Amino acid sequence: SAAAVTLVCAFFGLCTLTDDLPGGRAVGEQIGQWWLLTLKSLQATPDPAGLLARARVRIPVQR
């Protein structure tokens, strides 16, 4: 679908550009902010922070 292609391209671009951005922001922080922005457009009743928090509880962070 068009949404899936757009999400993959945006995610790949974010990961690629994060390495080159000044300021040393971690890719995990950038992805978290990207999801908060993106999820607003994908949810019928936007609650991106709540959805992201629920996902983080289910998926352990690997470091």
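The values are calculated or read from the model by the stated rules, or taken from the named source; none is laboratory data. No experiment lies behind these values; they were computed from the predicted model shown. Cβ coordinates were reconstructed from backbone atoms using ideal geometry, including for glycine residues, and neighbour counts include every protein chain displayed.
Odds and ends about this structure:
- Of the candidates 38, 45, the single residue that is modelled with pLDDT of 80 or more and not in a helix (DSSP H, G or I) is 45.
- Within the stretch 37-52, the set of residues being farther than 14 Å from residue 7 by Cα, surrounded by 12 or more Cβ atoms within 10 Å (Cβ to Cβ) and either hydrophobic (A, V, I, L, M, F, W, C) or in contact with a Lys or Arg (Cβ under 6 Å, 6 or more places away or on another chain) (or both) comprises 46, 48, 49, 51, 52.
- Residue in the stretch 1-27 that is nearest to the chain's Cα centre (by Cα), counting only those that are among the small types (Gly, Ala, Ser) and surrounded by 11 or more Cβ atoms within 10 Å (Cβ to Cβ): 10
- Flag for residue 54 being more than 12 Å from the chain's Cα centre (by Cα) and either at pLDDT below 80 or among the hydroxyl-bearing types (Ser, Thr, Tyr) (or both): no
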